[in-house]
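Structure record follows, encoded as structure tokens.
The values are calculated or read from the model by the stated rules, or taken from the named source; none is laboratory data. Just so it is clear, the model here is predicted, and its values are computed rather than measured. Neighbour counts are summed over all protein chains in view; Cβ atoms, including those assigned to glycine, are modelled from backbone coordinates with ideal geometry. The area values use the complete protein model at the heavy-atom level, side chains included, leaving out ligands, DNA and RNA. Shrake-Rupley method; radii C 1.70, N 1.55, O 1.52, S 1.80 Å.
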Amino acid sequence: MPPARPLFIVGVERSGAGLIARLVGRSLPTGRGGDPAAYAAFSGDLIAARGDRWSPGLPERLAELAADPAWRDRARELIDPVASADGPWLWPYPETGLLLPFWAQLVADPICIVAGRNPYDASRSFLENRFPEKLKRIIQFPAYFSFRWQFTTLVQLSSCAAWSDTLFVGYELMMRSPVEQVRRLVRFLDSATGVSHGDDAVWTLLEDIDPSSWHFRDEHAFFELGSITKEQKQLFRYLQRRAGDAAEPFAPEHFPMPPYAWEYLRNFDLFVEQAVGESV
Amino acid sequence: MSRDNSAPPCRPVWVLGIDRSGTSLVSDLIHRWGAYAGDADSLGGADVFNPQGYFEYSPMQALLHEVAVGTDVTEWDPRFPALLQKQAFNPELREKALALVAEMEKEGRPWLWKEPFISLHMSFWERIVSPPVCVMTVRNPHDSASSFTRMGFRTEVRERLRLTSYFSLRWQVFMLAILDYLERNDEHLVVCYESLLREPAAEVDRLCRFLDRCFDQTQGGAERSARMVAAIDPKLWRYKEPTSFFDVPEATEAQKELLRYLHRRAADQRDPFDPARYPYPPHYQEYLDNFDQLVGYLQERSSKSQP
């Protein structure tokens, strides 16, 4: 019997990955989750083992760790209880996206759903939800978050864009046309998992979508902001095309990170960590 | 505002440059040349970062702060220079500025001001004071960044901090502001910090002859030069990064080209200045503003927690 396929749901923070995880979780009653605290601890150790998360060599270093028996054993302890299910198993931690180069080495034939949202709107949501009031009033966020978004997206796509079963879901499309997008999601899951869900599944999943919860809508601002690079705008347009089912290969060399981005990401995180006592 | 064509005896000499680029050293040289720097009690003391003093006239610094705050934007905002121009017509600020200038002119001889941020305030001051003689300092920004990092951060933060990109952006803003002003003021000299430390006699002589020319000093140049060169201690040339700025990935091509241009100006090659050749990267203002805000937030919190 072939091993159960893992289903990764990835996306930058506040991009709708959590919503998609809930929808998919209702479709896949078995093989879901794992221990969030254990996963978070493992993720932190992974990053710490190979230096800063904001580093151009992170994907290669994570792939190296995946070849290390000690790390593989630790990872298997997390995966095995979930992967023993009869059907596809869901790995619902969006931060997996940055660590995909590691996990991709340990699993066979993964399925992937990439959640995408306008980075400017995601940044405003992130700022609102993750920062204390005092910091929200004094810092600006678009450029920092766009570098964070760009790197995470590049790492994710470099792993999953060429997998045979990868679906891109646009948050804005999901909120505007929930019936069409949920049908699209269910069709994808049916095809990828070999399990057929009927129309009843669509209506059930629609219960989880509340368009009135769509805050921070300023979709044009991202393309008009002076602090956003040309490559970042092009990357978001690429994601929009993929969310519209364009069959377009991913070429990371078209969206390079500028060399000065790493320092800004690291220093911003360092100061915020000093200010709030934890990383964001 | 005095704008007649004769060189008044009390013309100012202003040192323009970013922090940690030799502005204090050059100020010391100009002071030894014979310029009045202000009452000693108002100049602040020396410390481990500047063993020979800062030469920063505190009443002038206080006014710069007041003028800047009144614009309601930060110095990194592209609107800052235009807003400063308007501040020059604020009667209260104008009166304070003129009073400061009068205080310096009381000595009846050339007088010196140095404060890095005055480099960003020229659109205010050029509407207040006669055109100063200017000496601009240029130093490898990578080395300046290294020096800057050692001031003002706790050890555990400093060990994780790298400020090459931040400081290069800050440096770019300063350099472009100064060069823009110098397009309107021909009486200036660009001094390269590294040249000053490597060839002190030649560079001091160059500076001395420039000042003598500006102030019609025809006698005693050799004595002035000797007094000035005695201030230079090459042992105080610390923080030389092993990697050349031109090889540093965090610096943009525009910044590297700007440093090359400044080196030519320091060698007295007066190439035309075109700011469009040195564009800022898109995120520059956000990084500069956030750095100031977050560091300020942490410093304020730290001072509140002191007993």
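Remark on the protein assembly as shown: B:CYS10, B:CYS134, B:CYS192, B:CYS208, B:CYS214 stand apart, with no other cysteine beta carbon under 4.7 Å. Note on A:ARG266: accessible area is roughly 80 Å² with a 1.4 Å probe, heavy atoms of protein only. Taking a ≥ b ≥ c as the square roots of the eigenvalues of the Cα gyration tensor, chain A is oblate, since a/c reaches 1.5 or more and a/b is not larger than b/c. Among the trypsin sites (Lys or Arg not before Pro) in the stretch B:174-231, those placed in a DSSP loop whose Cβ has at most 14 other Cβ atoms within 10 Å are B:ARG184. Restricting the stretch B:66-142 to GluC sites (Glu not before Pro) that sit in a DSSP loop and have at most 15 other Cβ atoms within 10 Å of their own Cβ leaves B:GLU107. In a DSSP loop and with at most 10 other Cβ atoms within 10 Å, there are no GluC sites (Glu not before Pro) in the stretch A:4-91. Per-residue 3J(HN,Hα) values for the stretch A:183-200, derived from phi via the Karplus relation 6.51 cos²θ - 1.76 cosθ + 1.60 with θ = phi - 60°, read 4, 4, 5, 5, 4, 5, 5, 4, 5, 6, 9, x, 9, 9, 10, x, 4, 4 Hz in sequence order (x marks Gly and Pro). Just how many pairs of Lys in the protein assembly as shown have C-alpha atoms closer than 19 Å, counting pairs that are eight or more places apart or on different chains? So the count of such lysine pairs works out to 6. For the stretch B:178-201 versus the stretch A:130-176, the spacing of their alpha-carbon centroids is 46 Å. Computed over chain B, the per-residue total of -39500 (n - 2.57) for DSSP H runs of n ≥ 4 gives a 222 nm mean residue ellipticity of -14500 deg cm²/dmol, rounded to 500.
Figure note: A:THR152, B:THR74 ranked by solvent-accessible area, largest first, 1.4 Å probe, ligands and nucleic acids not counted: B:THR74, A:THR152.
Rounded to the nearest 20 debye, what is the charge dipole size of the protein assembly as shown about its Cα centre when +1 sits on each Lys and Arg Cβ and -1 on each Asp and Glu Cβ?
That gives the protein assembly as shown a dipole magnitude of about 380 debye.
Computed from backbone phi, the HN-Hα couplings of the stretch B:131-143 come to x, x, 6, 10, 10, 9, 9, 10, 9, 3, x, 5, 6 Hz, rounded to whole numbers (Karplus: 6.51 cos²θ - 1.76 cosθ + 1.60, θ = phi - 60°; Gly and Pro given as x). So, in Å, what gap is there between the alpha-carbon centers of the stretch A:37-70 and the stretch B:105-142? Cα centres, the stretch A:37-70 to the stretch B:105-142: 51 Å. Karplus-based coupling profile of the stretch A:212-227, in residue order and whole Hz: 6, 8, 7, 9, 6, 10, 8, 5, 7, 4, 4, 7, 9, 5, x, 8, with θ = phi - 60° in 6.51 cos²θ - 1.76 cosθ + 1.60 and x standing for Gly or Pro.
With +1 on each Lys and Arg Cβ and -1 on each Asp and Glu Cβ, and nothing else charged, work out how big the dipole of the stretch B:1-139 is about its Cα centre, in Debye to the nearest 20.
The calculation lands at about 460 debye.
If both residues of a DSSP beta bridge must be in the protein assembly as shown, then about 0% of such bridges are antiparallel.
At a 1.4 Å probe radius, which order do A:PHE216, B:PHE124 fall into by accessible area, largest first?
In descending accessible area the options line up as A:PHE216, B:PHE124.
Both numbers refer to the Cα atoms of the stretch B:4-125; Rg and Dmax are 14.7, 43 Å. Electrostatic tally near B:PRO200: other residues with Cβ closer than 11 Å to its Cβ, Lys and Arg +1, Asp and Glu -1, net -2.
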